[in-house]
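This report refers to the structure that appears directly beneath it.
The values are calculated or read from the model by the stated rules, or taken from the named source; none is laboratory data. Note that the structure is a prediction, hence the values are computed from the model and not measured. Positions of Cβ are backbone-derived with ideal geometry, glycine not excepted, and every protein chain shown enters the neighbour counts. Keep in mind that these areas ignore ligands, DNA and RNA; they rest on the heavy atoms of the full protein, side chains included. Shrake-Rupley method; radii C 1.70, N 1.55, O 1.52, S 1.80 Å.
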There are 4 protein chains.
Amino acid sequence: MRSSPGMVVRTVGICLKPEQPQLVDLVRGLERWLTERGIRVMLDPQAAGVTGAAEVPRSDLAAKVDLVIVLGGDGTLLAVARAIGDRPVPVLGVNLGTLGFLAEIASDEMYDALERVLAGGFRIESRMRLDVSVQRGARECGRYRALNDAVLARNAVSRMIDLETFANGVEVTTYHADGVIAATPTGSTAYSLSAGGPLLLPESEAIVLTPISPHTLTQRPLVLPATCAVEICVRDTRGGEVRLTVDGQVGCELGEGDCVRVHRSAHPILLLVSPERNSFEAMRTKLRWGAR
Amino acid sequence: MRSSPGMVVRTVGICLKPEQPQLVDLVRGLERWLTERGIRVMLDPQAAGVTGAAEVPRSDLAAKVDLVIVLGGDGTLLAVARAIGDRPVPVLGVNLGTLGFLAEIASDEMYDALERVLAGGFRIESRMRLDVSVQRGARECGRYRALNDAVLARNAVSRMIDLETFANGVEVTTYHADGVIAATPTGSTAYSLSAGGPLLLPESEAIVLTPISPHTLTQRPLVLPATCAVEICVRDTRGGEVRLTVDGQVGCELGEGDCVRVHRSAHPILLLVSPERNSFEAMRTKLRWGAR
Amino acid sequence: MRSSPGMVVRTVGICLKPEQPQLVDLVRGLERWLTERGIRVMLDPQAAGVTGAAEVPRSDLAAKVDLVIVLGGDGTLLAVARAIGDRPVPVLGVNLGTLGFLAEIASDEMYDALERVLAGGFRIESRMRLDVSVQRGARECGRYRALNDAVLARNAVSRMIDLETFANGVEVTTYHADGVIAATPTGSTAYSLSAGGPLLLPESEAIVLTPISPHTLTQRPLVLPATCAVEICVRDTRGGEVRLTVDGQVGCELGEGDCVRVHRSAHPILLLVSPERNSFEAMRTKLRWGAR
Amino acid sequence: MRSSPGMVVRTVGICLKPEQPQLVDLVRGLERWLTERGIRVMLDPQAAGVTGAAEVPRSDLAAKVDLVIVLGGDGTLLAVARAIGDRPVPVLGVNLGTLGFLAEIASDEMYDALERVLAGGFRIESRMRLDVSVQRGARECGRYRALNDAVLARNAVSRMIDLETFANGVEVTTYHADGVIAATPTGSTAYSLSAGGPLLLPESEAIVLTPISPHTLTQRPLVLPATCAVEICVRDTRGGEVRLTVDGQVGCELGEGDCVRVHRSAHPILLLVSPERNSFEAMRTKLRWGAR
């Protein structure tokens, strides 16, 4: 966790949730607000699409801006985080709909929050990510980066699959299950929680392995040090289909023998959060955690 | 539970696990053993396929035989149970591989078991089944019968689905989950258990509703009286695919608005079980339930 | 479930939560309201204590009244249910504080509800109870009746205990745990749920066995038919103390070798419930079951 | 994890499980074996009790010896760890009975293991411990050190308790439960696992908070960074008794208003483990984790 006292914002990128033409006023208003303060604005293709302005690909934004504002929800922020790649640019999530864990600024608080961000009043919180790669024989056939999780799961029409799992080359267990989730602490409040995983503070560091509907009574979620290199190999699909899904958004089909390697990325995402932000309160509010 | 003292066996049907040409000797041996005792034998297409004899469709067997012998595992027995339909013909499961809950006779005990069956020494255990139908608007577009379970679940690439659920027309809950399982007591040791459901005695009567990876912290498995008519309606698929799968074997795609109706079938399956059979021991042995 | 169209109420018993002197006006007002309608009123010692009138022991009430009104919460109703014994007298629970599963009438709805009860507008719902006895060698050294549950549990300073469990004389499992709960369907929303047990409709019939913090990964809750006679025997206390607690209120110390027998009581409790009552809604409201 | 290539062992302390007079030959044999190698031996009161030799209090051992050998099981090792206090002396656990997580050397492998230890062939594995203190008003009224866990729990005859919990002074949640467990990674395979907590590698660093039978559907285990200072305050006992128990062995009664503070101890325990030791294998073997 680093504070951002000397944060100088000359250029801001705006990323928008797809297919929101009705938000044209919001984007134009934000653009004007920033321009009035001498800040240059770049729009991602979705934002440019609704205003008719020039667009900058999301993958180019990080190199060109000092701050990315995401207008959308957690899903949009996950997609932007994936697109901006390795550059350590701070991201501010503005929530347009339901409550989010990542996009925590409500849209009616946006300008107040931005004033505080520009005044150096927000914290930069580093959130661990996972580098995910698919090994097929000697060949790497897919690379992803996850802010929430990498999920290996059978298809609905398939049956139980066997996933042999290693940590730093040492055998962990073989999951006979619908699948397994490798989650970051940020992802511990997402799908992993649904499958019975524990809660972790999003700003902490660890890898959580949570089995999905294990077909043995003896499986339990496992919390590994963030430094572990995890490898999950598809041993038996019983003729069914198995998929890797990263952050619920991208992925690929897996076959028997394929191995998914997961380890802490050298490139965390930098979230701008208000100094009042409190992960426990977020869990209580958004998950109704502990509610009577 | 009824005993079978006066069980008269004049004709026996033999059903075989698919694609087992190497079992030709087992099928022929069994056929001969029965014929020597004056019993007529009918073979299902799989069994006839390996011996080259005439075949009788599984759906015709129940009307023509006094006893069905299933050579295979639980999967084969589930398929045979579905095929034989409404006729109350006793079924004896002979296990060819791993331990089963339904096919409990090991293949090397088969002839001993049959001697006892013919002598009236086995019990007939009635196992509740579920009638499952799919309602699309005013139209019924699918009918199934389940010995284990009916599962509504999203596809691996899809997201959480919303399933509004009713019992006898009264709202139960809306599952925001990967899916929900409606299981018989027999099915309580199968997929429902993997998803966190409780154990029930297979010979008891109830319907278990077990959510799969519920996206709310507050869901719990629910055990309903067997007399409940359950209706599960697909409310929101978030653009993904949803499937109904019955006994892990058959089913259909579901769309938003489709409702799956589940209620106790008037036609239980009649399993022949040895008098020594003990459901608790079966759970301890096959699930390692309670093992230290 | 029986309706109460011809319910004739000549005498009413009023039971009060202990130590509520401030409720003198409520008790007197209810007494007056009933007397004005020609109904005789009898007060239990707690109610008599606050008004100064003559008292009737709770254990005598059932034989003398046509209806028992319980002013208190679920705890008071559990205590009254235990006290009134075998007589099938209808009980109406009026809730004075937090929401209850058993005492469902809010105090400000009391007179409206009573009008409807007298007019035959309420249903009588039969709730299964458990007869619980403690066997020490050849001697029965304790008898209880449970509306919620019978709990065998180690003391806080003790260690894991071993509880060998039988159903109809057949070995079920040995719990190596902090304890085990034998719950009715009514009790399935109480302590059993905290320990991970499933939900059952309170008006259904079954016995739920839920282990408390089992020291093996392989334990699961078990739902038995209501007709099962369950026996739980204390095999090893590791030098610690073990207690039987019935409905969280009464019980006794147990020693190694003691066995607790639990079976469905021939004497259910008869709860008066409004025709609009809906057990699923009660679960959703009071447990926040399924809440997002 | 540090290796011990230059480990010089001049003096060894031997600690014995209490009340094992039949082990006199084992202790004498070990004493002789060490003496023959020029190593001085000191016996704790239990070991001295069976041989009749002079005794050294366990609390003095750490300052006087280069290695402590514990003859017993996990319980004995927990007790020795507590007694030896802050001094960083390596501990070797020799298991005399059932399999242990801490005492991993079988007694028949003891001399082989010691040869390897003296040759520098064992690793020293640092295991995080917790400093636990009880705050009553302004006064600290108890201090403990935990290798497994600190448990706040109600007594068997008591009801649910309310435990308000803070991390670094920030409110985490209020547990309405039978209690809560604050566990080390080493303790994650002990009581915390029984209560539904996740598995952690014993050599990792974290604090696990696991509720015991939470009376709300919304509680989940929480994994905190090892750097968190946790405070658990007894808010409501509902007239019952609450106890703090450390490592299942020592502790004290708690009253309303008492707060238990838990944070990572500056003094880990140093376990000698064989280079082949593998925590995942230990979990699979000793917990049957993942067993089919």
- Task: Could you pull out every residue, at least 5 positions away or on a different chain, whose amide H is within less than 5 Å of the one on D:SER265? Hs are placed 1.01 Å off N in the peptide plane, and Pro or chain starts have none.
- Result: D:ARG129, D:LEU130, D:ASP131
- Task: For the stretch D:78-202, state what percent of all Cα-Cα pairs lands in each successive 10 Å bin, counting from 0 Å until the bin that includes the largest distance.
- Result: 10, 31, 33, 16, 8, 1
- The Rg/Rh figure for the stretch A:130-264, Cα atoms and Kirkwood Rh, to two decimals is 0.92
- Query: Taking +1 at the Cβ of each Lys and Arg and -1 at the Cβ of each Asp and Glu, which of A:VAL260, A:ALA153, A:THR237 sits farthest along the dipole of the stretch A:150-292 towards its positive end, judged by Cα position relative to the Cα centre?
  - Reply: A:ALA153
- Item | Radius of gyration and maximum dimension Dmax of chain D, Cα, Å | 20.0, 62
- Task: Just read off the accessible area of A:LYS17 with the full protein assembly in place, 1.4 Å probe, to the nearest 10 Å².
- Result: 80 Å²
- Averaged over the residues of C:220-230, the number of partner chain Cβ atoms within 10 Å of each residue's own Cβ comes to 5
- To the nearest 20 debye, the protein assembly as shown has a Cα-centred charge dipole, built from +1 on Lys and Arg Cβ and -1 on Asp and Glu Cβ, of 0 debye
- Task: May I ask you to work out the translational diffusion coefficient for the stretch D:1-98 at 25 °C, viscosity 0.890 mPa s, via Stokes-Einstein with Rh from the Kirkwood sum over Cα pairs, reported in whole µm²/s?
- Result: 182 µm²/s
- Query: Quick one: how many lysine pairs in the protein assembly as shown have C-alpha atoms under 21 angstrom apart, if they're 8 or more apart or on different chains?
  - Reply: 10
- Task: Quick one: dipole size for the stretch D:130-264, taken about the Cα centre, charges +1 on Lys/Arg Cβ and -1 on Asp/Glu Cβ, in debye to the nearest 20.
- Result: 100 debye
- In nm, one decimal, shortest first: how far is the label point of B:THR35 (7 Å from Cα along Cα to beta carbon) from the matching points in the other copies? 8.4, 9.3, 9.4
- Task: For D:ALA106, place a label point 7 Å out from Cα along the Cα→Cβ vector, do the same in each other copy, and report the separations in nm, one decimal, smallest first.
- Result: 2.7, 6.4, 6.7
- Task: With a/c under 1.5 counting as rounded, go ahead and sort the protein assembly as shown into rounded, prolate or oblate using the C-alpha gyration tensor (a ≥ b ≥ c being the square roots of the eigenvalues; past the cut-off, prolate if a/b is larger than b/c, else oblate).
- Result: rounded
- Message: Compute, for chain D, the length of the dipole vector about the Cα centre, with Cβ point charges of +1 (Lys, Arg) and -1 (Asp, Glu) only. Units Debye, rounded to 20.
- Response: 220 debye
- Item | Zone residues, the stretch C:171-198, relative to D:THR98, backbone N less than 16 Å from point 7 Å out along Cα-to-Cβ | C:174-179
- Run through the DSSP bridge list for the stretch D:11-158 and note the antiparallel percent, rounded to the nearest 5. 30 percent
- Message: Can you give me the C-alpha center-to-center distance between the stretch A:265-282 and the stretch D:261-283, rounded to a whole angstrom?
- Response: 31 Å
- Within a 10 angstrom radius of each residue's Cβ in C:189-201, how many Cβ atoms of other chains show up on average? Whole number is fine. 6
- Would you mind checking which residues have amide H under 5 Å from D:LEU272's amide H? H placed 1.01 Å from N; only 5 or more apart, or other chain. D:VAL91, D:LEU92, D:GLY93, D:GLU125
- Provide the per-residue ³J(HN,Hα) series for the stretch C:165-180, in order, calculated from phi with Karplus coefficients 6.51, -1.76, 1.60 and θ = phi - 60°, each as a whole number of Hz, with x at glycine and proline positions. 10, 10, 10, 6, x, 9, 4, 8, 5, 10, 7, 9, 7, 6, x, 9
- Item | Per residue value of the accessible surface for chain B (all protein chains in place, 1.4 Å probe), Å² | 37 Å²
- Message: Using Cα springs under 10 Å in a Gaussian network model of chain B, which residue among B:GLY197, B:GLY72, B:GLY29 shows the largest mean-square fluctuation?
- Response: B:GLY29
- Query: Counting partner chain Cβ atoms within 10 Å of every residue's Cβ in B:240-252, what's the average?
  - Reply: 2
- Note on the structure: Percent antiparallel among DSSP beta bridges confined to chain D, nearest 5, equals 75 percent
- Message: At 7 angstrom along the Cα-to-beta-carbon line, where would the label on D:ALA119 sit relative to the other copies? Give the distances in nm, shortest first.
- Response: 6.3, 6.9, 9.3
- Largest first, what is the accessible-area ranking of A:TRP289, D:TRP33 with a 1.4 Å probe? D:TRP33, A:TRP289
- Item | Area of C:TYR111 that stays accessible when all protein chains are in place (1.4 Å probe, Å², to 10) | 70 Å²
- Residue by residue through the stretch C:240-246, which ³J(HN,Hα) values in whole Hz follow from phi under the Karplus form 6.51 cos²θ - 1.76 cosθ + 1.60 (θ = phi - 60°), with glycine and proline marked x? x, 9, 10, 10, 9, 10, 10
- Query: Rounded, prolate or oblate: which fits the stretch C:202-256 when a ≥ b ≥ c are the square roots of the eigenvalues of the alpha-carbon gyration tensor, with rounded for a/c under 1.5 and prolate only if a/b beats b/c?
  - Reply: oblate
- Can you tell me which of D:117-126, A:200-209, C:206-215 comes out highest on packing, and rank the rest after it, using the mean Cβ neighbours within 10 Å? C:206-215, A:200-209, D:117-126
- Message: Quick check: Cα centre of the stretch A:225-246 to Cα centre of the stretch D:13-41, how many Å?
- Response: 49 Å
- Mean residue ellipticity at 222 nm from the helices of the protein assembly as shown, using -39,500 (n - 2.57) per DSSP H segment of n ≥ 4 over the full residue count, to the nearest 500 deg cm²/dmol? -5500 deg cm²/dmol
- Given the protein chains as shown and a 1.4 Å probe, how many square angstrom of A:GLU276 are accessible, to the nearest 10? 110 Å²
- Once the dipole of the stretch D:43-184 is set up from charges on Cβ (+1 Lys and Arg, -1 Asp and Glu), the residue from the list D:PHE166, D:ALA182, D:ALA54 lying farthest towards its positive end is D:PHE166
- With chain C treated as a Gaussian network of Cα nodes joined by springs under 10 Å, which of C:GLU31, C:GLU241, C:GLU281 yields the largest mean-square fluctuation? C:GLU281
- Query: GNM, chain C, Cα, under 10 Å: largest mean-square fluctuation among C:ARG145, C:ARG116, C:ARG58?
  - Reply: C:ARG116
- Name the long-range amide H neighbours of D:GLY142: under 5 Å, sequence gap of 5 or more, or other chain; modelled H, no Pro or chain starts. D:VAL134
- Item | Accessible surface of the stretch D:52-141, 1.4 Å probe, proportion on carbon and sulfur as whole % | 50 percent
- For the stretch B:237-292: rounded, prolate or oblate by the Cα gyration tensor [a/c cutoff 1.5]: oblate
- Task: Mind grabbing the interface size between C and A? I mean buried accessible area, both sides, 1.4 Å probe, in Å² to the nearest hundred.
- Result: 700 Å²
